[in-house]
Amino acid sequence: MCSRCLKKYAIREFLALPHVPAVDDTDPKRNYGYLPVCTCGSVFIRDKWRMDAHLTLADHRVCVSTISLELNHGFGLGEDQWYETIIFLEESVASLGPQWRYRTQEEAERAHTEIVKNLQAGRYKFSWEDYGGAEKHLNLEVELLRA
Ligand SMILES: [Zn+2]
């Protein structure tokens, strides 16, 4: 689904869309592929809807990232899941925290705002598992209390 115009595509329609280079670079070593363009002009992946909030929790920089998944991660089983929030440590891209999924952009926006508000108010528990090297897993429980 295009996160700008909300048009949903069947796989064959999606694959038949025109494509543009993923990066604006003519060097073939740096040009790693092509991205489909919606009929509204929005480029999938590159132009997807997102909200980011950067915070410091327990002396660690985290990013609360809420995005359009563009592909329904409900896969026809249960509720649609078009949007997702992930909290990750900015010091390590491998360190993902909790994850929430939503049906609509409105739900995603509301939840993102609520998660950020609860984190800023200190309503969370924070710890991590350290697997050695760069491998750490953020364990973060956010109380999703309606303030
Ligand atoms: Zn579109």
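The values are calculated or read from the model by the stated rules, or taken from the named source; none is laboratory data. All values reported here derive from a predicted model rather than from experimental measurement. With ideal geometry, Cβ positions are generated from the backbone for all residues, glycine too; neighbour counts draw on all protein chains shown.
Summary table below
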read-out	value
Lone qualifier among GLY122, GLY74, GLY97, GLY41 - being surrounded by 13 or more Cβ atoms within 10 Å (Cβ to Cβ) and either over 28 Å from LYS7 (Cβ atoms) or within 16 Å of the ligand (Cβ to nearest atom) (or both)	GLY97
Options ILE87, ILE67, ILE115: the member that is under 12 Å from the mean Cα position of the chain (by Cα), surrounded by 15 or more Cβ atoms within 10 Å (Cβ to Cβ), over 30 Å from VAL20 (Cβ atoms) and not assigned by TED's automatic domain parsing to the domain that holds ALA16	ILE87
Subset of segment 10-25 that is assigned to a loop (DSSP other than H, G, I, E, B) and modelled with pLDDT under 95 - its residue that is farthest from TYR124 (Cα to Cα)	ASP25
Single residue of segment 58-67 satisfying the filter (part of a strand (DSSP E or B) and among the aliphatic types (A, V, I, L, M)) that is farthest from LEU6 (Cα to Cα)	VAL62
Filtered residue count, segment 26-57, keeping only those that are touching a helix residue (DSSP H, G or I) at 6+ places or on another chain (Cβ under 8 Å), of a type outside the set (Gly, Ala, Ser) and part of a strand (DSSP E or B)	4
Unique match (being at positive phi, more than 16 Å from the ligand (Cβ to nearest atom) and among the hydrophobic types (A, V, I, L, M, F, W, C)) among ALA58, ALA22	ALA58
Which numbered condition LYS29 fails, given (1) more than 26 Å from LEU119 (Cα to Cα); (2) at pLDDT 95 or above	(2)
